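The values are calculated or read from the model by the stated rules, or taken from the named source; none is laboratory data. As the structure is a prediction and not an experimental result, all values here were calculated from the model. Every residue, glycine among them, receives a Cβ derived from its backbone with ideal geometry; neighbour counts consider all protein chains shown. For accessibility, only protein heavy atoms count, side chains too; no ligands or nucleic acids. Shrake-Rupley method; radii C 1.70, N 1.55, O 1.52, S 1.80 Å.
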Amino acid sequence: MNFSKASVKRNSLFRKNLNFSTLDNDYYKMNMWQCFMHQYPYIEEAEYRFFMRSDVDLRPYKAEIQQELQKLDGLKFTDDQIRWLEKTPWYTKDFIEWARMWSFQSRFLYITEENEQLSISARGPLMHIHNFEMPVLSTVAEVYNRRNYPNKSYQDVRKPLFKKIDWLKEQHQKHDLSGLTLADFGTRRRFSYETQLTVVDMLNKQLPEFFIGTSNMHIAKELGVNPIGTMAHEIFMLSQQVGVQLAHSQKHTLECWVKEFRGQLGYALTDIIGMDAFVRDFDLYFAKLFEGLRQDSGCPFEFGEKAIKMYSDLKLDPKTKTVIFSDALNFEKMVELFLHFRGRIRTSFGIGTFLSNDVDGVEPLNMVMKLVKVNGKPVAKISDTAGKNLCDDENFVRYLKDVYNVTWA
């Protein structure tokens, strides 16, 4: 069964056998991939590891997950997909040719059991393993959900979404939400591919005044909507172990990004070592070059206030900059944030689980797959939200906190 627009009209939310598309990935992964190629060529080996935050034992699903992920082996971009990628103005010819030649290689993917839990990791050259993250997460979710919720239907997806859409239209009549923009960021924790496809299709048709696109490249291509995304945590984490001084790792990442994209993709993620540490590194040079920031942890209201203060202290008008909120959002919080900051700083919203896995009677899995080592050395993310910190090496975390004067995490 192939991916197609006709998927929206089928009767089942699940594919009996997952048929992968190389484009079934988030757009920011593609953008970072090009930056890795040109700005981080000295990384010989990296490791990504799967983390289950929910209290769920995935070991009973190991064989099925392994069987599905084995289908990735040898999967390449099709000529049609390459032609679609070539339309992106910032993708260089050498990167497009790399993408044309590249394929998934399952020899870099390790699926075992460890500490009474399913263990999944990708280890090998960064340029080869970078793209495993989304397929692993979406496959784990789809296998788990089709085993535990086999009778869920399109109605279970559409009904709650119609309620959200009607509610947002009511709020628009009440508050005039002109200028509010939202995108689907739901690939990693979606209920299934069919669910995400259905949600994006409905949002595109029902909320054209607000909906601006999806992070999922395959769905963007199939439905003719905009692909959305810039960068993620891993590119900042890479810079912690590439030979630059640790105290300069955030600035190194920002410099590499500017060098690579020359003013395009101008939104910086902030919660690798916390917003306060980010603000100390984000000087006037970067504040002028980047169009705005993306918030992914901590209190979004506090974050927005700090962003406004930062720009004001740098003698820049906050109303010319944008904050993209993308942490655990629902429509209610989105509207509250939009109204709170309206006229003070521009806002945009990326919503994930609340859209792609809000199915009646379903508890979404909370899981991530993150970079943990670079060239055999640990890297870390110190979040503004308790429980989101990631690192194998407590000594390295203490050192990172000390270097960046982080005392609260």
Item to check | Mean Cβ neighbour count within 10 Å, used as a protection proxy, ranking 84-94, 247-257 highest first | outcome: 247-257, 84-94
Checklist entry - Given only helices, namely DSSP H runs of n ≥ 4 each adding -39500 (n - 2.57), what is the per-residue ellipticity at 222 nm of the chain, to the nearest 500 deg cm²/dmol? => result -12500 deg cm²/dmol
Item to check | Efficiency of FRET from Cβ geometry, Asn226 and Ser54, R₀ 41 Å, rounded to 0.05 | outcome: 0.85
Checklist entry - For the chain, what relative contact order do you get, as a whole percent, if you take Cα pairs closer than 8 Å and at least 6 residues apart? => result 22
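Using every Cα-Cα pair within region 342-409, state what percent have a distance larger than 19 Å. Walk me through the numbers on the way to the answer.
On the way: 1278 of 2278 pairs.
Percent of Cα pairs beyond 19 Å in region 342-409: 56.
Can you figure out the FRET efficiency of Asn151 with Glu209, using R₀ = 35 Å and their beta-carbon distance, to the nearest 0.05?
On the way: r = 35 Å, r/R0 = 1.00.
In this case the efficiency is close to 0.50.
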Checklist entry - What is the gain in length, in nm to one decimal, between Glu394 and Glu45 on full extension, counting 0.36 nm per residue of separation less the C-alpha to C-alpha distance? => result 123.5 nm
Checklist entry - Along the Cα-to-Cβ line of Lys163, 7 Å from the Cα, sits a label point; which residues in region 186-200 have backbone N less than 20 Å from it? => result 190-192, 195-196, 198-200
Next on the checklist: Taking all protein chains in place and a 1.4 Å probe, what share, in percent, of the accessible surface of the chain do carbon and sulfur account for?
Outcome noted: 47
Checklist outcome for this item: Over region 77-131, with neighbouring protein chains present, the accessible area per residue in Å² at probe 1.4 Å is 51
Next on the checklist: Between region 83-131 and region 326-341, what is the separation of their alpha carbon centroids in Å?
Outcome noted: 33
Checklist entry - With a ≥ b ≥ c the root eigenvalues of the C-alpha gyration tensor of region 271-344, is it rounded (a/c under 1.5), prolate (a/b larger than b/c) or oblate? => result oblate
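In nm, what is the difference between 0.36 nm times the number of residues separating Asp283 and Met127 and their Cα-Cα distance? If you can, show how the numbers build up before the last one.
Numbers: separation 156, 0.36 × 156 = 56.16 nm, distance 3.05 nm.
That pair, Asp283 and Met127, stretches by 53.1 nm at full extension.
Would you mind working out the accessible area per residue for region 143-242, using a 1.4 Å probe, and quoting it in Å²? Show your work: numbers first, answer last.
On the way: 3460 Å² over 100 residues.
Accessible area per residue, region 143-242: 35 Å².
Relative contact order for region 233-349 using alpha-carbon pairs under 8 Å, separation at least 6, rounded to a whole percent? Display every interim value, and only then the final one.
Values: 122 pairs, mean separation 24.2, N = 117.
Once normalised by length, the contact order is 21 percent.
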Checklist entry - What length, rounded to one decimal in nm, is gained on full extension from Ser103 through to Leu339, with 0.36 nm per residue of separation minus their alpha-carbon distance? => result 80.4 nm
Next on the checklist: Run the paramagnetic zone check for Lys259: 7 angstrom along Cα to Cβ, then residues of region 371-406 with backbone nitrogen under 20 Å.
Outcome noted: 374-375
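Placing +1 at every Lys and Arg Cβ and -1 at every Asp and Glu Cβ, with all other atoms neutral, what dipole size does the chain have around its Cα centre, in debye to the nearest 20? Before the final figure, lay out each step's value.
Numbers: 54 positive and 53 negative charges, 171 e Å.
Result for the chain is approximately 820 debye, rounded to the nearest 20.
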Item to check | Zero-based 10 Å bins, Cα pair distances in the chain, whole percents | outcome: 4, 22, 33, 28, 11, 1
Checklist entry - If you count, for each residue, the other Cβ atoms within 10 Å and average over each peptide, how do 188-199, 99-110 line up from highest to lowest? => result 188-199, 99-110
Checklist entry - Tell me which aspartates and glutamates have Cα within less than 16 Å of Lys288's Cα, excluding those fewer than 8 residues away on the same chain? => result Glu255, Asp313, Asp317
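If I take every Cα pair under 8 Å that is 6 or more residues apart in region 93-203, average their sequence separation and divide by the length, what percent do I get for the relative contact order? List each step's numbers first, then the result.
Numbers: 65 pairs, mean separation 27.4, N = 111.
Relative contact order comes out at 25 percent.
For the pair Glu170 and Ser312, what calculated FRET efficiency results from E = 1/(1 + (r/R0)^6), where r is the Cβ-Cβ distance and R0 = 45 Å, to the nearest 0.05? Present the calculation step by step, with values, prior to reporting the outcome.
On the way: r = 34 Å, r/R0 = 0.76.
For R0 = 45 Å, the calculated efficiency reads 0.85.
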